[in-house]
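Q: Starting off with a structure, shown below.
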Amino acid sequence: MSETGTTTRWLDHPDGHRLACLTAPGTGAGVVFLGGYASDMTGAKASFLDRWCRDRGRPCLRFDYRGHGRSGGAFGEGTIGRWTDDALTAFDALTEGRQILVGSSMGGWIMLNLALRRPERVAGLIGVAAAPDFSQDVWWTMTAEQRAATPRDGAVSLEDDDGATAFSRAFLEDGRANLLLRAPLEIDAPVRLLQGMRDRAVPWDTALRIARCLTTDDVVVDLVKDGDHRLSRAEDLARLGRTLDELLEVRREAARSAAIPDR
């Protein structure tokens, strides 16, 4: 046990690496957290969601992609496609019934991929600074010299206010093959997009682009004027909790409406 009421589970992926997962027991629609690039399942948002679920008796799943946190595999070999496959492996093995997906930053890209592949299992989506297609943004922020050197060197390291971040050639190429915001996103579930307007990693209008692509009409974009990329302050986590409460209420209302015969 890593935290009170939370169980560590290990999944052996067919590729040979092991996925570290943390699960909390419960009933009803659960919550699945999908973390960001180079993050892990013990961060502020992931831990908050675990506590939120345990306080309400709902299941919760968080895990580390290959090359992240406690999971096996090399980080430099990870791509959106492979990390989506890790998410599907954990989702299929460790959850039952319909789930609310919470995707943070890159996890928002993987969240959308998961919803497109398992539509019947999704009760709702919450993107926190969701960043689908961000590999293209990385590519176009690179200098011509960096773009020319990436095939030769196999990776590029980019500096920002938080330090250096490495991106492999495989990640950039796979990202280009998995772009989402060029066509309608056929998702029939309520979607909530929380986005800081002082986010220096993901432009705030990305949330609007996602909303335009989604085919469901039940989409709300919640812009936090003084919010940064992480959205991990106490007030940000409280907002995330309220958003979860709202989605569950939407689900309860839909269930009640379905139980009332048409007259």
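Q: Could you tell me whether Arg230 is under 22 Å from Ile110 (Cα atoms), charged (D, E, K, R) and at pLDDT below 95?
A: Details: under 22 Å from Ile110 (Cα atoms): yes; charged (D, E, K, R): yes; at pLDDT below 95: no.
Spelling it out, it is not the case that Arg230 is under 22 Å from Ile110 (Cα atoms), charged (D, E, K, R) and at pLDDT below 95.
Q: Now for a different question. Which strands (runs of 3 or more DSSP E) does the stretch 1-73 wholly contain that include 2 or more residues that are aliphatic (A, V, I, L, M) and touching a residue at least 40 places away in the same chain (Cβ under 8 Å)?
A: The qualifying strands (runs of 3 or more DSSP E) are 18-24, 30-34.
Q: Let me ask something additional. Assess whether Arg192 counts as being basic (Lys, Arg) and buried (at least 21 other Cβ atoms within 10 Å of the Cβ).
A: Details: basic (Lys, Arg): yes; buried (at least 21 other Cβ atoms within 10 Å of the Cβ): yes.
Answer is yes for this residue.
Q: Hand me the list of helices (runs of 4 or more DSSP H) wholly inside the stretch 77-178 holding 1 or more residues that are buried (at least 16 other Cβ atoms within 10 Å of the Cβ) and of a type in the set (S, T, N, Q).
A: Per the criteria, 80-94, 106-117, 134-141, 144-153.
Q: Suppose the filter is modelled with pLDDT of 95 or more, part of a loop (DSSP other than H, G, I, E, B), hydrophobic (A, V, I, L, M, F, W, C) and surrounded by 18 or more Cβ atoms within 10 Å (Cβ to Cβ); does Ile187 pass it?
A: Spelling it out, Ile187 is indeed modelled with pLDDT of 95 or more, part of a loop (DSSP other than H, G, I, E, B), hydrophobic (A, V, I, L, M, F, W, C) and surrounded by 18 or more Cβ atoms within 10 Å (Cβ to Cβ).
Q: Still on this structure, I have one more. Can you tell which of Asp174, Asp222, Asp217 is under 19 Å from Gly103 (Cα atoms), among the acidic types (Asp, Glu) and at pLDDT 95 or above?
A: On inspection, the qualifying residue turns out to be Asp222.
Q: Scan Asp133, Asp174 and give me the residue that is charged (D, E, K, R) and within 19 Å of Leu194 (Cβ to Cβ).
A: Asp133
Q: Moving to a separate point now. Name the residues in the stretch 202-246 that are surrounded by 14 or more Cβ atoms within 10 Å (Cβ to Cβ), free of Cβ contacts under 8 Å to residues at least 12 places away in the same chain and outside any loop (DSSP other than H, G, I, E, B), would you?
A: Within the stretch 202-246, none qualify.
Q: Going by the conditions given, is Leu194 farther than 27 Å from Leu248 by Cα and in contact with an Asp or Glu (Cβ under 7 Å, 6 or more places away or on another chain)?
A: no
Q: If you go through the stretch 61-76, how many residues are closer than 12 Å to Ser39 by Cβ and either at pLDDT below 95 or surrounded by fewer than 22 Cβ atoms within 10 Å (Cβ to Cβ) (or both)?
A: Residues meeting the conditions: 3.
Q: Continuing with this model, one more query. Do we have any residue at all in the stretch 4-19 that's touching a Phe, Trp or Tyr at 6+ places or on another chain (Cβ under 9 Å), crowded, with 19+ Cβ neighbours inside 10 Å and either among the polar types (S, T, N, Q) or within 29 Å of Ala164 (Cβ to Cβ) (or both)?
A: Taking the stretch 4-19 first, the residues touching a Phe, Trp or Tyr at 6+ places or on another chain (Cβ under 9 Å) are 9, 11, 18-19.
After this cut, where a residue has to be crowded, with 19+ Cβ neighbours inside 10 Å as well, the list is 19.
When the remaining residues are screened for being either among the polar types (S, T, N, Q) or within 29 Å of Ala164 (Cβ to Cβ) (or both), the result is 19.
The answer is yes, given that some residue of the stretch 4-19 is touching a Phe, Trp or Tyr at 6+ places or on another chain (Cβ under 9 Å), crowded, with 19+ Cβ neighbours inside 10 Å and either among the polar types (S, T, N, Q) or within 29 Å of Ala164 (Cβ to Cβ) (or both).
Q: Just to be sure I understand, how many residues within the stretch 104-152 are under 21 Å from Pro184 (Cβ atoms), modelled with pLDDT of 95 or more and of a type outside the set (Gly, Ala, Ser)?
A: 18
The values are calculated or read from the model by the stated rules, or taken from the named source; none is laboratory data. In this text the structure is predicted, and so the values were computed from the model without any measurement. FYI the Cβ positions are ideal-geometry reconstructions off the backbone, even for glycines, and counts take in every protein chain you see.
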